[in-house]
Each structure stands twice: as structure tokens, then as C-alpha cells.
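Asks: Here it is: the structure, laid out below.
Nothing in this text is a laboratory measurement; each read-out follows from the coordinates by a stated rule. Keep in mind that this is a model prediction, so the values were computed, not measured. Glycine also receives a Cβ, built like all others from the backbone with ideal geometry; neighbour counts cover every protein chain displayed.
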Amino acid sequence: MSATANLLQQLCQYPSTSLLFRHSKLSKKGRAVMAGSYLVPKMVMYPIPCFYKCMQSTSYEAVVQGSYVPSADASQKTEAKEKASTTAETVGAFQKLPMVMPSVDILYSALRKAKRVSPTKGIANIAKRERNRGAKQLDALMKELAIPLRTYIEDFPNKKYLHPYEKSLVELTLGDGNYEEVLGKVEALRKKVVSVGKEHASICAKSLSKREAGERLSEGMKKLEEIFLREGKVVDELLNIAKILRAMPVVDLETPTLCLVGAPNVGKSSLVRLLSTGKPEICNYPFTTRGILMGHITFSYQNFQVTDTPGLLRRHDEDRNNLEKLTLAVLSHLPTAVLYVHDLSGECGTSPSDQFVIYKEIRERFSNHLWLDVLSKCDLLEESPVVYVTEDVNCDDYELAKYRKMGPDGALRVSVKSEMGLDELKSRVHKLLGSQFMKINGNQEKLEVCG
Ligand SMILES: Nc1nc2c(ncn2[C@@H]2O[C@H](COP(=O)(O)OP(=O)(O)OP(=O)(O)O)[C@@H](O)[C@H]2O)c(=O)[nH]1
Ligand SMILES: [Mg+2]
């Protein structure tokens, strides 16, 4: 029996759903993310050693001779790397982002290291020794400032090669174009530091006396320091971007995922709380959920994900806010099963007829997803359908009239308050995730056969 078939058999045989949920637990990392306090392991960032070596070998001796030749720009290397890349098929790029040092830390560490550089041994002539020392110190300062920036530019992924889901997260959480703009500014700062550093090292290397060499050295150091103090805030912006992206929920594409969707305030987060280890904020106003939240369920030794998404309103795509777009990005790019929540109690602020329109559109658009409909807040449901002032009660749309009374065909009636239908919901969710597991692994096996 294959491993997949074995696991499926286990899924089907598992006895008690309540027991399964009791054992739900979120990984330590996931919990921290959920609490908004994802702590990145303490790490010290060093420049990539091979790159540093290559820069070291370029110039010191040339500087001494006063024939400072700028090293070839490594942009060709970056281009080659870019061409070799294609759009990622897996997520996880944000967890691999480099640690960015605050700009002042880079500056003061670079100044300290540069000032410790001594002249090449064996130069007897004082003027020669001083110009050698000055040029070497300026060269070192330039490199200590430029190398971390180069590392960031190389190690932050190019947005166009990210997985489409992560690309949407970048655009929707940072604003369109902001990520590339900040990386572009960091690259511009690096280029400036390199060019100004080389220029001043070269001037210093041509000094005719000890005094002149000392003056050229101070001028060069001051100039580089000024540039970095003035323009280094882009590095801090990059640091902030890395923090935001690293705190995004970690999604595993191969783990079956349940995504809760519906209009704002219909009770999605309340159900996520109940179904998983996710602890979303719950308040009685629309758009409490301001991002994608991820919880976990474990059963039959299989880990499942549950995501909570911001509510969808009845409007055209071009009018949607970024929160709604996040929800659509999840549905568009992640292999999720859908738990669609309908609130016909009149409590949520979106009329049943508007919910019907949103539902029809989303159902049609994402018809390839496995699906389960629930009617929430059934403790509040009255016998006759709720009528909103904006609704046309006498409309002869049979489908709509039916929806206002009972929701979509087969919808499960639940209430978090009275606990009505919750056992049945858990059991159906398990079945749905089992099917989602089969769907993902079926595709996986097909891919392996083709490959
Ligand atoms: N009476 C009753 N109230 C409920 C039930 N489920 C949720 N609520 C309430 O409905 C309100 C909205 O619940 P949430 O779970 O935050 O709804 P949501 O869909 O996640 O809301 P957004 O994130 O803002 O879109 C809260 O005040 C809940 O306490 C239920 O079964 N019965
Ligand atoms: Mg919510």
C-alpha cells in the first residue's frame, strides 16, 4: 500500500472528531506569529565570505601605487542569477530573508573597522606610508558600507520570481511598487558609496605629503559618513519590510488548508477559533480581521491548516480594498478547501441579498475548490427571513427567496453561541480536508508520473 493510501485509510478510520480537535496544536513558531510577536532567531549578519574575498583582492596594492582601478561591477553576476530564476512554485521566501542591520550600526561598525586598518608593512617613507594608510582605510570603509547593501540586494528575492501568493502579499501589505522602490534605493546608495569611496581613496593615494594624506583621509571619511547618515534610512526601511514579511503566516502548500470566506462580521473568526489553534480577534464590526491568519488542526498524525480571511463586500474587483484582495489572493493562489460562512440573522451588516450576490460570484469564480457552506448564528435565526430596508421583499427571484430563508442547498446550520451543529461541522470539515489531502496528493502523484 502506498504511503498516501495508508494515510487515507487512517483518516477514514479515525474514531472521534472531538478528540482530534482537542489535540489541535499550533507550532511554537505559528503561535508566536499569531500573537504578532514573531521573534527572529538571534543572528549576526556577516558579509558573504567569497564576495568579500573577491573585493579584498581587487585594490589594496593598486591603491598604494596610486593607480586605483575600480573593480568590475557585480551586476553582471546578478543578471545571470536573475535569468536563471523562474517564478517559484513553493512559498517560504519570507522566512529566508536576510537579517538587515540598522543603518547606524552598519555605519559605526564600518568606521570602527576602517580606522583599525594599518599601512602595508615595510614602507619606510612617511608620506608614502600615510597615503597608503589613508587609501586603505577609505577603501575599507567603502567596502564595509557597500558589502552589507550588496548582500541585501542579492538576498532579497526579486518580486517577479516569487510565488504568486507571496507576490500578492508583498503588493497588498507594502503597497504596489514599494518593495522594488526600496531595494532600488538601497542599490543606488551602494553605488554612491562605492563611487565616492573609490574617488576619495584614489585622491588620497596621490597625496604628496603626510599632512595632505591625513587631510584627504578625513575628508573622505567625513563624506562617506555624511552620505550614509543622510541616505541610510532606506536600509531602515528595508529592515522594516523584512520584519513585516517575516511575520506573515507560514503556509505550507502541501498541507491541506481550509479557508474561511464570507461577508464581514458573519462569524468567520469565531469558527476559526473553534476549529483550530488560531486565535483571531473577534469583535462586532466589519473587517476585524485585517490580514490572513493561520491556525492548525492535527488529526491522524496529519497536520492541517485553517486560514481566516477578511470579509468580502458586494462590489467590483477594482473597488475592493486591500483586505478583500488578500482574501481573493488566498483563493486564487493557495490550494485551499473553502468553508463559506453565510449570516442570515440580520446581525452582520450585509443584507442576505448582498451576501447572495457575493456568494454566487465567488462560488462561480473558484468553482474548482472543495466547498462547504454554513449558516452561522443560527441561535438568532428567526422563522421568517430577515428583511433589510435596502431589500426588495416582493422580488420574484425564486433562488434569492430560497437563499434568504435557508442559504445555499446543503448549507449546515451552526451556532457558536448555542453550540448547535458544531460536532457535525467538525466532522464535515475533517472529511473535506481528507478530500483536499487526496486532491493535493493526487496532483502530486500525477506530477511525479509526468516527471
Ligand atoms: N449570536 C451569535 N453571535 C455570533 C456567533 N458567531 C459569532 N458571533 C458574533 O458575531 C460577531 C462577529 O464575529 P466574527 O467571528 O468576528 O466575524 P468575522 O466574520 O470574522 O468578522 P470580520 O473579521 O470583521 O469579517 C461577534 O460579535 C461574535 O461574537 C453565533 O453563533 N451567534
Ligand atoms: Mg474575522
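Asks: Could you line up Glu187, Glu364, Glu254 from fewest to most neighbouring Cβ atoms inside 10 Å?
Replies: Glu364, Glu254, Glu187
Asks: Give the order of Ser353, Ser276, Ser103, Ser195 when sorted by the count of other beta carbons within 10 angstrom, beginning with the fewest.
Replies: With the fewest neighbours first, Ser353, Ser276, Ser103, Ser195 line up as Ser195, Ser353, Ser103, Ser276.
Asks: Say R0 is 56 Å: what FRET efficiency, to the nearest 0.05, do Tyr398 and Glu181 get from their beta-carbon distance?
Replies: That gives a FRET efficiency of 0.60.
Asks: Still on this model: Hey, rough spin-label estimate for Glu215 and Arg315, points 7 angstrom out along Cα→Cβ, what's it come to in nanometres?
Replies: So the two model labels end up 6.5 nm from each other.
Asks: While we're here: So which of Lys121/Lys206; Lys167/Lys279; Lys325/Lys402; Lys192/Lys233; Lys143/Lys243; Lys405/Lys431 end up more than 23 Å apart, counting from Cα to Cα?
Replies: Lys167/Lys279; Lys325/Lys402; Lys143/Lys243; Lys405/Lys431
Asks: For the pair Lys115 and Glu154, how long in nm is the line joining their label points, each one 7 Å along Cα→Cβ?
Replies: Inter-label distance under the simple model: 2.9 nm.
Asks: At a 10 Å Cβ-Cβ cut-off, how would you order Cys204, Cys378, fewest neighbours first?
Replies: Fewest-to-most ranking of Cys204, Cys378: Cys378, Cys204.
Asks: Roughly speaking, what is the stretch gain from Lys431 to Lys279, that is 0.36 nm per residue apart minus the C-alpha to C-alpha distance, in nm to one decimal?
Replies: Here the segment from Lys431 to Lys279 would lengthen by 52.4 nm.
Asks: What is the distance, in nm, between label points placed 7 Å from the Cα along the Cα-to-Cβ direction at Ala88 and at Glu382?
Replies: Taking the two extended label points, one gets 5.1 nm.
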